[in-house]
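Take a look at the structure below.
The values are calculated or read from the model by the stated rules, or taken from the named source; none is laboratory data. Owing to the predicted nature of the structure, the values given are computational and were not obtained by experimental measurement. Neighbour counts are summed over all protein chains in view; Cβ atoms, including those assigned to glycine, are modelled from backbone coordinates with ideal geometry.
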Amino acid sequence: MNKQFFIETFGCQMNEYDSEKICGLLYSQGYLETMDNRDADLIIYNTCLIRENAEKRLYGKLGAIKKLKMDNPSKIIAVCGCIPQNDEIREFILKKFPFIDLIFGTNTYDRLPELLYDIELKNKRVVSILKDSDELKEDLPKNRKFSHKAFVNIMHGCDNYCSYCVVPYTRGREKSRNFHDIVEEVKDLGLNGYKEITLLGQNVNSYLFESDKTYNFADLLRELNEIESIDRIRFISSHPKSVDDDFIKAMKECKKVCNQVHLPIQSGSTKVLKEMNRKYSRENYLEIIRKLKKEIPDVAISSDFIVGFPGETEEDFQETLDLVKEVRFDSAFTFLYSIRPGTPAGRREDQIDEKIKHERFDRLLDVLYPIFEEINISYIGKTVELLVDNVSKNDESYLTGRTDTNKIVHFKGDRNLLGKLVNVKIEKAKTWYMEGTRIE
Ligand code: 5AD
Ligand code: SF4
């Protein structure tokens, strides 16, 4: 009988993608996936360290499976991803949860088969961590979640050292993948029926690969735009400091590059941005938005916000609210500032009171949400092209797709439309989604 594994993934798309590779590796070893951890021979948590609540959730999960392991000691319990990359936290976990059998990091998941072999053979705990991705293999089997859209990693790591962020310490130095390998991978996906690709990196705009010549992110977009079988190209995330005119020009020229940019601002105050080490000002950001909207009039802009960064005053926060009103974002992720181990901002003594953080957070949503809804309402009456992703969770006669601008739309349709491009006329709009009727 095949062995079974259960995997739970926390955090960003990069972790989701790493989990697809972990699953692919396990399938290649004869494992099958189960959705019930009680049936699993191997339980894996692919973890995230970006905010404290992601860390706490892992501890909750580990506490809860302790009994499973006690009842069945042959089960292998593994923790991987960003959390074990931090030396202190890894030591803490190893001590606090003695039943963990395997720990591996963001740069060693390709070694999983040999690590499992070691556990079974030597019957002892195995820990495998590397700080950088230099030795990480790219051409791993992947068990992709969808058959019509796929992630493609274009770079590893991050060198930006935003003062609040733990990623440069967990994912190592920034390193761009080989341009030609990426192009081949996308061609291959196209041949296998994939319609949409999402290029992944902590700052895709700083992509740079030198071989026969130098290739930047705009070059990559232009090259991928030529691949006939691919319909849509997305990318996440961009860093405002690296957005240049060539990139905006490439976005405008390339028909397959979706009219959507996720451009995290974090704060609308130049003072706070400086303390965050973001390397752009409020004015720089507004100038990028002005250019993007001028060149690509129907572009959708989304962002990330951190509320309650150390030393953030009421005036700083007001600047964030004013900027939101000026830019009119299509959507956003909003976060309460969370102290992260080893980061400069975490050591500051002027941390903001939790009550004030929550109050500002609510005020930010009060400004953001009506704008999201107003923008969605402006789609009513328009016909949009959707790539159909899923059958609706609540009603199986409904399907869910995304517009070029990354808006979620529900419409009535048959499941044979999954993975296809369809036209839908928008009739209803809410803060986070729209509804419409298919036009044949
Ligand atoms: N606290 C709160 N939010 C954070 N982010 C990164 N680090 C922190 C932190 N310490 C947010 C940023 C980033 C997103 C991925 O997570 O907004 O863009
Ligand atoms: Fe973290 Fe900044 Fe790097 Fe994004 S760019 S991963 S926020 S350090």
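Please indicate, with yes or no, whether at least one residue in region 347-367 is out of contact with any strand residue (DSSP E or B) (no Cβ under 9 Å at 6 or more places or on another chain) and within 22 Å of Q260 (Cβ to Cβ).
Scanning region 347-367 turns up at least one residue that is out of contact with any strand residue (DSSP E or B) (no Cβ under 9 Å at 6 or more places or on another chain) and within 22 Å of Q260 (Cβ to Cβ).
Could you list, in sequence order, all residues of region 230-252 that are part of a helix (DSSP H, G or I) and either farther than 16 Å from L263 by Cα or over 23 Å from the mean Cα position of the chain (by Cα) (or both)?
Answer for region 230-252, where residues must be part of a helix (DSSP H, G or I) and either farther than 16 Å from L263 by Cα or over 23 Å from the mean Cα position of the chain (by Cα) (or both): D245, D246, K249, A250, K252.
Given (1) more than 16 Å from ligand 1 (Cβ to nearest atom); (2) assigned to a strand (DSSP E or B), identify the lone condition not met by V261.
(1)
Being within 16 Å of ligand 2 (Cβ to nearest atom) and not assigned by TED's automatic domain parsing to the domain that holds S242 is true for just one of N107, N160. Which residue is that?
After ruling out the rest, the residue left standing is N107.
Output the number of residues of region 134-149 satisfying the condition of being at pLDDT below 95 and in contact with an Asp or Glu (Cβ under 9 Å, 6 or more places away or on another chain).
11
Any chance region 150-170 includes a residue that's surrounded by 18 or more Cβ atoms within 10 Å (Cβ to Cβ), within 16 Å of ligand 1 (Cβ to nearest atom) and on the phi > 0 side of the Ramachandran plot?
Yes, some residue in region 150-170 is surrounded by 18 or more Cβ atoms within 10 Å (Cβ to Cβ), within 16 Å of ligand 1 (Cβ to nearest atom) and on the phi > 0 side of the Ramachandran plot.
With the condition being away from ligand 1 (no atom under 16 Å from the Cβ) and under 24 Å from the mean Cα position of the chain (by Cα), I'd like the strands (runs of 3 or more DSSP E) fully within region 324-417 carrying at least 2 qualifying residues.
383-391, 398-403, 408-412
In region 135-161, what residues are over 29 Å from N192 (Cβ atoms) and not polar (S, T, N, Q)?
Within region 135-161, C158, D159, Y161 meet the criteria.
Looking at (1) over 30 Å from K420 (Cα atoms); (2) away from ligand 2 (no atom under 16 Å from the Cβ), which is the only condition S133 fails?
Among (1) over 30 Å from K420 (Cα atoms); (2) away from ligand 2 (no atom under 16 Å from the Cβ), S133 violates only (2).
Kindly evaluate V126 against the criterion of being away from ligand 1 (no atom under 16 Å from the Cβ), among the β-branched types (V, I, T) and without any contact (Cβ under 8 Å) to a residue 40 or more places away in the chain.
In short, yes.
Could you please find all residues in region 290-308 being near ligand 1 (Cβ under 10 Å from one of its atoms), under 22 Å from the mean Cα position of the chain (by Cα) and either crowded, with 20+ Cβ neighbours inside 10 Å or free of Cβ contacts under 8 Å to residues at least 24 places away in the same chain (or both)?
S303, F305, I306, V307
Quick one: count up the residues across region 189-207 that are farther than 20 Å from G401 by Cβ, more than 16 Å from ligand 1 (Cβ to nearest atom) and in contact with a helix residue (DSSP H, G or I) (Cβ under 8 Å, 6 or more places away or on another chain).
Looking only at that region, the number is 2.
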